Amino acid sequence: MEKKPITVLIVDDSALIRQMLTKMLDSDPGITVVGAAPDPLSAREMIKRLNPDVLTLDIEMPKMDGIAFLEKIISLRPMPVVMISSLTQEGADIALQALEIGAVDYVGKPTSDLQEGLEKKAAEIISKVKAASRARISARKPANRDTAPVALGSYKTTEQVILIGSSTGGVEAIREIITVLPPNSPAVLITQHMPASFTSSFAKRLDGVSKVTVCEASAGQRILPGHVYIAPGDQHLELAKSGANYICRLHDGEPVSGHRPSVDVLFESGAKVARSNAVGVILTGMGRDGAEGLLNMRKAGARTIGQDEASCVVYGMPKVAFECGGVEQQFPIGKIASEIFNCLSAHDTKAIRI
C-alpha cells in the first residue's frame, strides 16, 4: 500500500516565501502542500478545513504574531509546527520561546539574498517537516514555577557528573530536568542539537528559572557542582581532566553522527574520563546520535537512562540507544530527574555488565 504524503500548510505574510516554500516542499514526493496562508486568522480557517499534518509558521505577521498563534494551536488543537523565521539574536530568543511552547523545530530564514539562501536550506526544511510529521504533540501543561527540587542526599563522590544528550523536543525536556535540580547537584554537561546563535540564549533562559547555575560552556572552564554546562551550537563538548579537576574541552572537529555538537562525542568522553562516576541520559530526538556513546558509558560502569517513548516528542535517539543496549532503564520525562539521583545515591552499588 502506497504511503500517504505528508500534508503541509504554510503560514507566512510574504507572498515570495509562501511561493518558494510551496515549490520546495512539493518537490519532495513524500510531501504535499495543501495551502498557504498570509496570516494566522486565515490559517485558522484553513486548518479547520484542510486538517494538515504539519504547519510551517513565521513569527512576525499581521493580525496576530506567530508566538501568540502557536500558543493557541498547542492549547486548542495540538499539531506539529516548524517555525521558519529570521535567525537574529532577538529571533533566537523568540525561537526558543516557540520551542518551549511546543514547536517541534526551527529553521532560520537567511538574512541576505533570501531566494538563494532559502533554496540552500531546502534539504533542512524538508527533513524537519518530515521529522515533525512523526512528532508526538500534546497540549502543554501549565508551568509550575514552585516545583520543589528533587531531594539529593549524600552521593558517592564529588567526582560524579551527569551527561545529557537530546535533539528534537529537547528544549522542553531539558527544562523539565534542570529546573528541579537542587543547588548542590553534581555538575551537568549537556549537548542539545541547536544552532550556534541559540545556545547562549538557551543557557540564560534556563539559568533564570533554575536553582543551579547554567551557562554556555567555554574552553578550559572548570566544572563545578551546582553548575550546568551547555555545548555551544557549533562546537563539540567533551568532559576532560586537568590535574584533579574536571574541565570543559571544546573543539570544532568534523560532525559526528551527523552533528556538531554531537551527543556521541560528549558520551564517549564520559566513558573515558568519568567511567562509573557518570550518569548518562539520552532524551527525545531524531536519529541515532548518542546511542554508541551511551553504550560505551554503560560498558565503562556508568549508569544510563533513556526517555520513554510515550513522553518523547520524537522517539528516535532513545529508541536506538535502548535497542543497542546503551540504555539501562527508560522513564517518562517527569521521573528522570529523581531517577538520576537514585543512580547517584551513596547506597546504590548496582553493577552493570553488558
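Of note:
- Residue list for the stretch 103-126, filter: in contact with a Lys or Arg (Cβ under 7 Å, 6 or more places away or on another chain) and of a type outside the set (A, V, I, L, M, F, W, C): ASP105
- From the options LYS204, LYS211, residue that is more than 15 Å from the chain's Cα centre (by Cα), closer than 20 Å to ASP93 by Cβ and surrounded by fewer than 24 Cβ atoms within 10 Å (Cβ to Cβ): LYS204
- First in the stretch 189-207 and more than 22 Å from ILE84 (Cβ to Cβ), second anywhere and at pLDDT 95 or above and part of a helix (DSSP H, G or I), Cβ under 7 Å, 6 or more apart: LEU189/LEU266; ILE190/ILE174; THR191/VAL263; THR191/LEU266; LEU206/ARG175; LEU206/ILE178
- Taking the criterion of being hydroxyl-bearing (Ser, Thr, Tyr) and under 24 Å from LEU294 (Cα atoms), the residues of the stretch 182-220 that qualify are SER185, THR191, THR199, SER218.
- PHE198, sole failed condition from (1) within 17 Å of GLY280 (Cβ to Cβ); (2) buried (at least 24 other Cβ atoms within 10 Å of the Cβ): (1)
- In the set (1) in contact (Cβ under 8 Å) with a residue 12 or more places away in the chain; (2) out of contact with any helix residue (DSSP H, G or I) (no Cβ under 8 Å at 6 or more places or on another chain); (3) farther than 13 Å from ASN296 by Cβ, ALA244 fails one condition alone, (1).
- Exactly one residue among ALA321, ALA337 is within 22 Å of PRO182 (Cα to Cα) and either under 14 Å from the mean Cα position of the chain (by Cα) or among the small types (Gly, Ala, Ser) (or both), and that residue is ALA337.
- In the stretch 51-63, the residues that are assigned by TED's automatic domain parsing to the domain that holds GLY30 form Cβ pairs under 7 Å with partners that are of a type in the set (D, E, K, R) and in a loop (DSSP other than H, G, I, E, B), at six or more places apart or across chains, as follows: ASP58/ASP12; ASP58/ASP13; ILE59/ASP65; MET61/ASP13; MET61/ASP39; PRO62/ASP13; PRO62/ASP39; LYS63/ASP39.
- Residue in the stretch 319-328 that is in a helix (DSSP H, G or I) and either of a type in the set (Phe, Trp, Tyr) or surrounded by 24 or more Cβ atoms within 10 Å (Cβ to Cβ) (or both) present: yes
- Sole residue being assigned to a helix (DSSP H, G or I) and buried (at least 21 other Cβ atoms within 10 Å of the Cβ), chosen from ASP264, ASP289: ASP264
- For the stretch 1-34, the set of residues classified as surrounded by 16 or more Cβ atoms within 10 Å (Cβ to Cβ) and charged (D, E, K, R) consists of ASP12, ASP13, ARG18, ASP28, listed by residue number.
- Of the criteria (1) in contact with a helix residue (DSSP H, G or I) (Cβ under 8 Å, 6 or more places away or on another chain); (2) at pLDDT below 90; (3) under 19 Å from MET194 (Cβ atoms), which one ILE101 fails: (2)
The values are calculated or read from the model by the stated rules, or taken from the named source; none is laboratory data. Not measured: the values here are computed from a predicted model. So basically every Cβ, Gly included, is an ideal-geometry build from the backbone, and we count neighbours across all protein chains shown.
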